[in-house]
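Colleague: Dumping the structure here so I can ask a few things about it.
The values are calculated or read from the model by the stated rules, or taken from the named source; none is laboratory data. Bear in mind that the values here come from a model prediction, so they are computed numbers and not experimental data. Note: ideal-geometry Cβ built from the backbone for every residue, glycine included; neighbour counts use all protein chains shown. Side chains are part of the model used for accessible areas, which takes the heavy atoms of the whole protein and leaves out ligands, DNA and RNA. Shrake-Rupley method; radii C 1.70, N 1.55, O 1.52, S 1.80 Å.
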Amino acid sequence: MSKPVHQIGVDKLRGVGPQLGLKLKKLGLYTLQDLLFHLPLRYIDRTQITAIGGIQPMTEVVIEGEIRASDVVFGRRRSLVCKIQDHSGVATLRFFHFNRAQQERLKPGARLRCFGEARRGKSGLELYHPEYQHLDAANPASLEETLTPIYPATEGVTQGRIRDLCGQALARLNQESIQELLPTDLNRQQHKEIAYSLVEALRLLHNPPPGTALHLLAEGSHPAQQRLAAEELIAHNLSLLKLRQKVQQYPAPLLLEDQAARDTFLQQLSFELTGAQTRVAQEISADISTGTPMLRLVQGDVGSGKTVVAALAAVQAIANGKQVALMAPTEILAEQHRVNFEQWLRPLGIRTAYLTGKVKGKAREVQLQAIADGVAQMVIGTHALFQETVIFNDLGLSIIDEQHRFGVHQRLSLRNKGFSPEQPQLDGPAPHQLIMTATPIPRTLAMSAYADLDCSVIDELPPGRTPVETVVLSNLRRNDIIERVRVSCTTGRQAYWVCTLIEESDVLEAQAAEVTASELQLMLPELSIGLIHGRLKPREKLEIMSAFKSGEINLLVATTVIEVGVDVPNASLMIIENSERLGLSQLHQLRGRVGRGSQSSHCVLLYSPPISGNGSARLKIMRQTTDGFKIAEKDLELRGPGEVLGTRQTGDMQLHIADLQRDAYMLPQIKQLAESLLLNHPENVDPLIARWLGQAEIYAQA
């Protein structure tokens with residue numbers, strides 16, 4: 001029996017020496033399997049001859065005819081011009097690069113078959129530098145039997161060479177050489193995405209027969225392409241399910257609900273939980289009451305109250321004698337959490353530690369010691385919590401806020417602070433994990449990028465919250481807006497003025513914010529104006545935020561550092577400059593800083609005309625809705641999944657053939673198929689993951 005194609009190196013193919021082997025490696029082609037999955041970018045149809053009279057401009061065609069005239073023409077560039085004729089008409093062949101031998105052979109009377117793209121020229125339709133072959137009555141040339149593939153290539157590797165190598169790989173392709181890993185009992189009739197077998201799909205995609213729908217191939221929606229996309233998505237889904245299995249094979253602490261601690265916590269809140277908050281809190285409580293590590297994602301729109309739900313889970317863990325860690329992506333958000341948690345947990349006698357990169361020297365040592373001794377039961381911080389010097393006494397629950405800012409491996413490394421499979425001597429239970437995001441993720445993306453997590457959605461805003469009214473205005477109305485700020489602030493309200501720059505530069509953003517603050521202070525001398533940007537020291541940021549929160553500052557000029565975690569109920573007006581430059585998710589997050597009190601709130605999106613189509617579409621959806629999930633769906637449509645999820649997340653999910661946007665319709669079936677494979681065909685799971693993810697297996701680094 002021949003070796004499987006994933007075990008045969010490309011160097012075993014005819015014509016592949018060391019030099020070509022190195023060039024193929026640049027394309028990621030190491031084995032015959034790599035060649036088989038190196039699919040064409042597009043196809044050209046050389047299976048039929050088009051009558052010259054029937055050629056359409058800007059199409060690739062095969063024509064046959066006799067050269068009637070051939071001349072070297074001198075213009076701006078010297079060119080060889082040949083008139084070719086068949087029974088239906090005349091076309092022009094034009095060559096800018098030619099030699100004497102070519103000129104001699106392309107004489108009147110020569111019969112040719114040509115392939116090229118027809119374009120309009122001075123003398124009608126012209127083919128520039130067409131591929132051609134001479135026709136000989138004794139040896140008529142046969143037409144191509146399949147569509148001709150055009151492959152991704154690199155310098156020094158021609159299309160002809162890649163076609164030859166893929167052809168050699170296809171010649172060895174059969175059921176023995178490449179394993180069919182999606183078993184027939186998965187009911188191919190029910191799942192049309194896997195109607196083709198793997199071998200059938202690969203053969204068709206490298207050599208599509210005449211009549212294959214080119215428009216379907218171009219869109220990536222041909223059933224053979226969908227068959228491979230489905231298998232790739234199943235492999236990614238399985239890698240995350242496997243990650244979940246690996247995490248959950250270790251025991252977790254039993255964090256039973258302590259009704260007294262829960263009641264005490266709820267009684268000292270100044271508000272009541274919504275129905276959605278109560279439901280999600282119960283789902284979390286049920287998860288952590290079992291001996292299996294919780295892996296749960298909580299999605300909630302801006303202002304839906306995820307933090308208090310996380311605090312309830314923390315109280316339950318601490319009541320069972322465990323430590324809790326909460327990690328946030330920015331210092332402002334971490335500080336906001338510290339303020340809230342200290343206010344909520346102090347009445348319960350719970351001690352909090354705070355750790356960010358800016359906490360240094362003696363203060364840092366004190367915090368580290370309190371964490372290591374277990375004196376600090378609630379630990380809040382930024383990425384600093386990952387550091388080796390941070391040792392927990394008994395971590396029972398880790399909470400990660402704004403998950404899209406962290407990758408899979410970062411949240412795993414926080415889990416490993418409590419228990420690491422790589423260090424068997426730490427044989428205690430693995431901590432539970434709660435992940436929160438205020439960036440709503442379209443359901444289709446959540447199903448694929450977070451297949452290892454259970455999902456909860458807080459889909460209700462607290463009572464008394466009024467939807468923010470949004471208006472879109474040209475920058476030419478700037479003076480009117482400044483007057484509106486004056487009226488709002490002199491009647492006791494507060495406002496934000498957000499400065500944005502297209503350049504990713506703290507220095508330039510800070511300068512822009514400083515200029516804006518000075519300008520507004522000149523025009524609004526009666527107001528107290530604060531300024532906050534990324535280059536301020538953490539203490540300065542916190543002092544300014546504190547002054548704004550207490551009402552000492554009427555108008556806060558800020559960069560997008562205030563995107564998440566800022567909660568000032570009295571702020572009811574927000575102006576965002578250059579709003580057309582921001583993504584929908586960021587605009588939605590910024591707008592969420594107002595509308596946190598009971599009075600009506602407004603958001604003004606200022607733009608600088610002219611505005612692009614995409615920019616206009618973003619501002620239109622912001623004006624139409626405050627529903628984060630609707631906004632997320634539109635964001636997905638405009639920007640694609642990589643942008644919506646954030647590169648850190650999709651970096652763990654690099655797709656070769658599948659496209660999360662195009663193939664979203666099949667994700668519910670993919671989830672079903674992956675779970676069925678894991679349950680009924682566990683022997684196929686690792687080979688499937690290895691085929692599509694190779695060394696990038698996510699779960700292997702769990």
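Colleague: How many residues are farther than 27 Å from D287 by Cα, at pLDDT 90 or above and surrounded by fewer than 16 Cβ atoms within 10 Å (Cβ to Cβ) if we restrict to the stretch 316-361?
Modeller: Selection size over the stretch 316-361: 0.
Colleague: I would also like to ask the following. Would you say T389 is open to solvent by less than 30 Å² (accessible area, probe 1.4 Å), at pLDDT 85 or above, over 17 Å from V309 (Cα atoms) and not aliphatic (A, V, I, L, M)?
Modeller: Here the answer is no, as T389 does not meet what is asked.
Colleague: Just to check your reading of the model, which residue among A617, A632 is at pLDDT below 90, hydrophobic (A, V, I, L, M, F, W, C) and touching a Pro at 6+ places or on another chain (Cβ under 7 Å)?
Modeller: A632
Colleague: Could you check the stretch 285-308 and list, in sequence order, the residues that are of a type in the set (S, T, N, Q) and either part of a helix (DSSP H, G or I) or free of Cβ contacts under 8 Å to residues at least 24 places away in the same chain (or both)?
Modeller: S285, T307
Colleague: For the stretch 158-173, give me the residue count where each residue is outside any helix (DSSP H, G or I) and either touching a Leu at 6+ places or on another chain (Cβ under 9 Å) or within 24 Å of L673 (Cα to Cα) (or both).
Modeller: 2
Colleague: Next question, about the same structure. Restricting to the stretch 118-142, what's the tally of residues that are in contact with a Phe, Trp or Tyr (Cβ under 8 Å, 6 or more places away or on another chain), closer than 12 Å to A91 by Cβ, free of Cβ contacts under 8 Å to residues at least 40 places away in the same chain and not hydroxyl-bearing (S, T, Y)?
Modeller: The total comes to 1.
Residues are listed down the side, and each one gets a yes or a no for (1) in contact with a helix residue (DSSP H, G or I) (Cβ under 8 Å, 6 or more places away or on another chain); (2) touching a residue at least 60 places away in the same chain (Cβ under 8 Å):
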residue: L584; (1), (2): yes, no
residue: Q589; (1), (2): no, yes
residue: G592; (1), (2): no, yes
residue: Q599; (1), (2): no, yes
residue: H602; (1), (2): no, yes
residue: L605; (1), (2): yes, yes
residue: G615; (1), (2): yes, no
residue: K620; (1), (2): no, yes
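Colleague: Oh, and also: Quick check on L556: is it in contact with a Gly (Cβ under 6 Å, 6 or more places away or on another chain), under 25 Å from H337 (Cα atoms) and hydrophobic (A, V, I, L, M, F, W, C)?
Modeller: Yes.
Colleague: When you scan the stretch 455-497, how many residues do you find that are open to solvent by 50 Å² or more (accessible area, probe 1.4 Å), at pLDDT 90 or above and of a type in the set (D, E, K, R)?
Modeller: Residues meeting the conditions: 7.
Colleague: Additional query: What number of residues in the stretch 45-84 are buried (at least 17 other Cβ atoms within 10 Å of the Cβ), part of a loop (DSSP other than H, G, I, E, B) and among the β-branched types (V, I, T)?
Modeller: The number of residues fulfilling the criteria is 3.
Colleague: Which ones in the stretch 515-539 are closer than 17 Å to C499 by Cβ and in a helix (DSSP H, G or I)?
Modeller: V515, T516, A517, S518, E519, L520, Q521, L522, M523 - these are the residues of the stretch 515-539 that are closer than 17 Å to C499 by Cβ and in a helix (DSSP H, G or I).
Colleague: Can you find a residue that is more than 15 Å from E60 (Cα to Cα), touching a Pro at 6+ places or on another chain (Cβ under 6 Å) and outside any strand (DSSP E or B) anywhere in the stretch 115-127?
Modeller: No, there is no match, as no residue in the stretch 115-127 is more than 15 Å from E60 (Cα to Cα), touching a Pro at 6+ places or on another chain (Cβ under 6 Å) and outside any strand (DSSP E or B).
Colleague: On to the next question. Just give me the residues in the stretch 606-625 being within 13 Å of V471 (Cβ to Cβ) and either β-branched (V, I, T) or open to solvent by 60 Å² or more (accessible area, probe 1.4 Å) (or both), in sequence order.
Modeller: Selection gives K620, R623, Q624.
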